[in-house]
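To keep things clear, I will list the structure first and then write my remarks on it.
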């Protein structure tokens with residue numbers, strides 16, 4: 001029998017009023033988004049690179065089994081659609 005383990009994350013802040021204000025989502029449908037690191041999409045005979053700083057509009061948000069955002073579909077300014085990009089390519093690393 002398989003055992004499933006899910007990673008949980010939580011918000012912590014020194015000031016409780018920050019958490020009480022209920023921060024808004026970073027990913028909204030029809031909202032702009034920017035790649036924070038290079039994304040390489042592998043296909044059968046090619047691979048395409050989307051460099052850091054590439055902008056797009058979120059067309060669909062995919063959620064995981066616990067309701068968290070896992071992947072997004074994008075429409076780039078040139079009209080190209082990029083499907084199921086992991087959210088790790090949009091999260092900024094603070095370097096902490």
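Every number here is computed from the coordinates shown, using simple stated rules; none is lab data. Keep in mind that this is a model prediction, so the values were computed, not measured. Note: ideal-geometry Cβ built from the backbone for every residue, glycine included; neighbour counts use all protein chains shown.
A few remarks follow.
- Label positions at residue 60 and residue 44, each projected 7 Å from the Cα along the C-beta direction, are separated by 2.1 nm.
- Packing, taken as the mean count of other beta carbons within 10 Å per residue, orders the peptides 69-81, 32-44 from highest to lowest as 69-81, 32-44.
- Gain upon complete extension [residue 83, residue 70; 0.36 nm per residue less C-alpha separation]: 3.5 nm
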